[in-house]
Every structure is written in C-alpha cells, then in structure tokens.
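The values are calculated or read from the model by the stated rules, or taken from the named source; none is laboratory data. If you're wondering where the values come from, they're calculated on a predicted model, not measured in any experiment. Reconstructed Cβ throughout: ideal geometry from the backbone, glycine too, with neighbour counts over all protein chains shown.
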C-alpha cells in the first residue's frame, strides 16, 4: 500500500529557543503541515545566537501542544551520548503519551555533537555497526518483556521498558550513502535524507539501495515512507530569500572540512568562508509556480514525505505563506 503524501516542517533547533520553536510547531499545524521534525543536537552549527534544546523534552511539549501532526527526530544518534536503552525508554514514553504520532529518526551521528563530551570519534564502519546494533536493541526492548543483550557495543541485563505503546514507534533511518540506505530499507520503517546534493545521488544510489534493502527483508519499498528534508528559502522578496541562506552557510562546507570539528565557534568561522555560495544548497524562490517546479524532481522520484526547512528568522511568516501558496498546490498535483 502506497504511503500518503506528507508535507512537514523542520523545527530548526539550532536557530531558535525551545519556546519559539514550540510556537512554530503549533503554527505549522494550523497552517496545514502534516508533520514536524526536530534535530537532536548537543551543540548547534553556529555559536552566535545558537540554540540546542533537548529534543526529547521538546517533543513531549510539542505533542501536548498539538493534536494532529506527526512528530519526530531528524535525526537522533542512539549510539554515543545515549545508551540505546535510554532512547527506547524515551520514545516508549512519547509513543505511549501520543500514540501513532511519534517517529524515531536515527543516524550515525556527527562529531560536533559527540566530541564535546570527550567521546572518541570512530570511523564510518564502527559508527554504522553501532547504529545497527542500537536499532536491534531498541526493537527488542519495545517488543519483549525482559531483555538480556550482549552485543559488541551495548549490553543489558533483564532490562524492561515498562511504559511503551501497544504499537512500536516507527524507526526511520537517515542515510547519505547507498550502504546505509540499503540498511534503511532492510531494517527501518522509513528513509530520511536531505536535499541539494545532486539528483543522481537520490535516483541512482539512495532510492535504488533502499528498494534493494526492502526486497531483502521481503517488503516492498513502495509502501515505506521516503522522507527528505528539503531546504527551501521562499519569500515574496527574492533578495531577502537569498540573504536568509547565509546563516546556514555551514551546510555548503565540504564534508571533509566539517568531519573533525567539535566546536561551534570553529564551525561558524569556517562557514563565513562560504557565505557567498550558501544559497546553492537551497531552493530559492519568490514565485509559487517556479517553486513547485523546483520541488517537482523530488516528488517525481518517489519521495512521499517532504519536510521543509526554511533558513530565515521570519518562520511565522514562512509558515503562513507556505501554507497558503505552496502546500495546496503540491497536494492538488501530487496527491
């Protein structure tokens, strides 16, 4: 069965305080968005005016303050700062409080968030192995009464999650390459990726690998949620839309330039060197027809769950404008 078209809002935890962010989540629901996803960072990409609210606490407040939208992390790293059992406990509670409204989005992590706690940062192979083991343990804790687990990285002794929903919380896996995308199809309930990296990455690597993984587990990827965070700078004033992208210039840095950075001050310094090209990671527009055409390739590739990340300070204005001009057009053409 084909999953529904969902249009979501990215709650930008690095940019706004927890209360502001909560107000934006409420406004997103009122503006017609279907979901709200928050990043789970210990530190922001930018030190000046930066924020990093605790995602688990914030999701509980968002669940209580809204009534309809799907809520989740994009993404949580259940392998270093948190023992996987604590993630299972946190989302067990959230899932029980807000049944069928929570999604646990997971990924292999970033040095920026873990290095500040003195955690040695391993290579990709170990990070991926830890993620696979963590997801396996979380699922066991959600489905069995007493779990004794001895993995390569994590251990439990007669561990029980006492508060959990009858239906386990879906786990979506964030993937930037084909290996993790295949794992997402094999072991996850959905895929998460981000826009602006070249359409060949999605059409030739991520989505085919996701389909292959689903086939290996006896499932059809067509029935699984395929979510993409789409970076959009949409405003009636095109100049303003271009300028807004500069605050997120760190996204334009090459992966190798960011890999070893664990200090937001250093990340901010590096980001200043690429401010002039920051807009390249964003779909910048002041025209609704043009903007729909910018979004079309992702929808036609098969992504059914688009979560829109807007860079500007005027989030309330963006939510109202997008809710009036863009969401109805997408639903009319692609539902």
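Brief remarks follow.
- Residue within region 124-143 that is over 30 Å from residue 281 (Cα atoms), in a strand (DSSP E or B) and touching a helix residue (DSSP H, G or I) at 6+ places or on another chain (Cβ under 9 Å) present: no
- Checking each residue in region 248-294 for being out of contact with any strand residue (DSSP E or B) (no Cβ under 7 Å at 6 or more places or on another chain), within 24 Å of residue 173 (Cβ to Cβ), assigned to a helix (DSSP H, G or I) and in contact (Cβ under 8 Å) with a residue 24 or more places away in the chain picks out 248, 250, 251, 258.
- Pick from region 168-189, criterion touching a strand residue (DSSP E or B) at 6+ places or on another chain (Cβ under 9 Å) and in a helix (DSSP H, G or I), ranking: farthest from residue 80 (Cα to Cα): 185
- Residue in region 206-228 that is closer than 22 Å to residue 32 by Cα, touching a helix residue (DSSP H, G or I) at 6+ places or on another chain (Cβ under 9 Å) and either touching a residue at least 60 places away in the same chain (Cβ under 8 Å) or in a loop (DSSP other than H, G, I, E, B) (or both) present: yes
- Residue list for region 144-167, restricted to those being assigned to a loop (DSSP other than H, G, I, E, B) and either in contact with a strand residue (DSSP E or B) (Cβ under 6 Å, 6 or more places away or on another chain) or closer than 13 Å to residue 86 by Cα (or both): 146, 154, 160, 161, 162, 163, 164
- One residue stands out among those in region 276-302 that are more than 30 Å from residue 211 (Cα to Cα), modelled with pLDDT under 95 and surrounded by fewer than 15 Cβ atoms within 10 Å (Cβ to Cβ): the one that is nearest to the chain's Cα centre (by Cα), which is 277.
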